[in-house]
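Quick notes on the structure that follows.
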Amino acid sequence: MPPAPAPSDEPVDSQQYLELHNRISGRSFNSKISQTLTDIVDVLCMFLFLKPTQVVKGGAVGKGAAISGVPDAEVVMFLAGVPAASIGKWHPPLLKAAAAVLGEHLAKGDQATDIRIIGDSLQLTAKGVVKVNLRFSPTFACYGEALDALRTQNPGTRQLMAAAFAKERVQFIAKQPGQVKVTMRLLKWWRDQQQWSSELTRPSDDVLELVAVYSAVQTKPADQRVAIANAMSLLAKFGELRIVWSNYYAKEDIWTPLLHQRPLLMDPTNPFANVADPHAFDPQELMAKAQTTHFFW
């Protein structure tokens with residue numbers, strides 16, 4: 001028996017959602033954050049002697065889906081001449097070198113704090129205004145070449161190489177209609193009002209952004225109240241979801257073992273990544289909260 005839908009917010013009209021949205025996204029900090037990210041890249045280029053072929057700024061900030069507070073940003077530096085096949089050898093020491101450089105040149109004056117390597121990224125808080133995930137990627141001639149490179153690697157190496165799709169990931173969210181981005185920001189606000197037992201149970205920005213996109217495509221909501229109600233209904237039955245995309249790759253490109261996972265929320269740019277991977281996200285708390293809480297209280 002499927003879970004009950006999320007409680008209705010009928011007494012709340014669409015205008016109240018829009019007013020809340022204006023409060024949580026009204027602060028004009030994008031230009032300041034963009035400069036902060038550029039400063040980090042400049043320091044790395046200067047002291048690590050890196051000459052990236054491209055730098056992609058992603059995360060909620062780069063996608064245009066951030067809310068007030070300390071939003072997340074991703075910086076991916078694409079490097080020429082580094083072999084994709086041996087990324088497992090050169091990527092970890094490069095992260096360590098980057099951490100040392102940023103600690104030496106930006107930690108003074110709290111320009112960068114909480115500098116640490118977690119998984120495949122270097123994480124830090126820059127000037128107290130943005131949480132940054134820094135990654136490095138080989139340079140590929142095109143999306144198809146990057147996809148071909150991932151096909152030949154084992155799962156661990158594929159995870160390291162996933163940053164190669166940073167530009168496409170940003171574009172997928174950035175090109176969504178304005179109403180869908182409003183829904184994304186409101187869902188993040190709702191998430192931040194809840195108490196989560198651990199990071200494993202807290203839905204990521206990626207999860208909420210993709211649910212907002214899928215819900216809008218499937219239901220074509222008439223206003224923001226309906227958009228939120230529809231998205232919350234999806235979150236309430238998240239464990240049953242099977243969402244695949246066809247924007248960048250074909251269904252047959254999806255790594256076969258993923259098709260058996262539930263929930264399945266495919267990364268729209270990476271056919272080897274389930275954004276709702278059960279090893280990284282436990283949706284039980286999310287479903288319970290979406291079923292039993294009202295959006296505004």
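The values are calculated or read from the model by the stated rules, or taken from the named source; none is laboratory data. Remember, predicted model here, so these are calculated numbers, not experimental data. Here Cβ is always computed from backbone atoms with ideal geometry, including for glycine, and neighbour counts include all displayed protein chains.
For segment 229-286, give me each residue that is of a type in the set (Asp, Glu) and in contact (Cβ under 8 Å) with a residue 12 or more places away in the chain.
240, 253, 267, 277, 282, 285, listed by residue number.
I need a count of the residues in segment 287-297 that are within 19 Å of residue 183 (Cα to Cα) and without any contact (Cβ under 8 Å) to a residue 40 or more places away in the chain.
Residues in segment 287-297 being within 19 Å of residue 183 (Cα to Cα) and without any contact (Cβ under 8 Å) to a residue 40 or more places away in the chain: 1 in total.
In segment 68-100, what residues are touching an Asp or Glu at 6+ places or on another chain (Cβ under 8 Å) and part of a loop (DSSP other than H, G, I, E, B)?
Within segment 68-100, just 69 meets the criteria.
Check off (1) part of a loop (DSSP other than H, G, I, E, B); (2) modelled with pLDDT of 85 or more for residue 23 and give me the number that stays unchecked.
(1)
Against the definition (surrounded by fewer than 22 Cβ atoms within 10 Å (Cβ to Cβ), free of Cβ contacts under 8 Å to residues at least 24 places away in the same chain and under 30 Å from residue 296 (Cβ atoms)), how does residue 193 come out, yes or no?
So residue 193 fits the description; yes.
What number of residues in segment 127-170 are more than 17 Å from the chain's Cα centre (by Cα) and hydrophobic (A, V, I, L, M, F, W, C)?
8
Filter segment 38-66 for residues that are surrounded by fewer than 20 Cβ atoms within 10 Å (Cβ to Cβ) and among the β-branched types (Val, Ile, Thr); which is farthest from the chain's Cα centre (by Cα)?
Per the stated criteria, the residue is 43.
Please indicate, with yes or no, whether at least one residue in segment 133-143 is surrounded by fewer than 16 Cβ atoms within 10 Å (Cβ to Cβ), of a type outside the set (A, V, I, L, M, F, W, C) and at pLDDT below 95.
No, there is no match, as no residue in segment 133-143 is surrounded by fewer than 16 Cβ atoms within 10 Å (Cβ to Cβ), of a type outside the set (A, V, I, L, M, F, W, C) and at pLDDT below 95.
Run down 258, 265 and say which single residue is part of a helix (DSSP H, G or I) and not polar (S, T, N, Q).
Of 258, 265, the one residue that is part of a helix (DSSP H, G or I) and not polar (S, T, N, Q) is 258.
Can you pull out the residues in segment 165-208 that are touching a helix residue (DSSP H, G or I) at 6+ places or on another chain (Cβ under 8 Å) and among the acidic types (Asp, Glu)?
168, 205
Does residue 233 fit the bill of being among the hydroxyl-bearing types (Ser, Thr, Tyr), modelled with pLDDT of 95 or more and more than 19 Å from the chain's Cα centre (by Cα)?
Yes.
Could you list, ordered by first residue, the pairs with Cβ atoms under 8 Å in which the first is in segment 52-77 and closer than 14 Å to residue 137 by Cβ and the second is assigned to a strand (DSSP E or B) and of a type in the set (Phe, Trp, Tyr), at least 6 apart or interchain?
Hits for this filter: 52/78; 53/78; 54/78; 55/78; 56/78; 76/136; 77/136.
Against the definition (of a type outside the set (Phe, Trp, Tyr), more than 18 Å from residue 61 (Cα to Cα) and at pLDDT 95 or above), how does residue 195 come out, yes or no?
yes
Show me the helices (runs of 4 or more DSSP H) found entirely inside segment 101-216 where at least 3 residues are assigned by TED's automatic domain parsing to the domain that holds residue 73 and small (Gly, Ala, Ser).
Those helices (runs of 4 or more DSSP H) span 143-151.
Yes or no: segment 116-123 includes at least one residue that is farther than 30 Å from residue 175 by Cα and not charged (D, E, K, R).
yes
Filter segment 71-109 for residues that are over 25 Å from the mean Cα position of the chain (by Cα) and among the acidic types (Asp, Glu) and give the result.
Answer for segment 71-109, where residues must be over 25 Å from the mean Cα position of the chain (by Cα) and among the acidic types (Asp, Glu): just 104.
Residue by residue through segment 48-67, note down the ones that are assigned to a helix (DSSP H, G or I) and not aliphatic (A, V, I, L, M).
Listed by number, the residues that qualify are 59, 62, 63.
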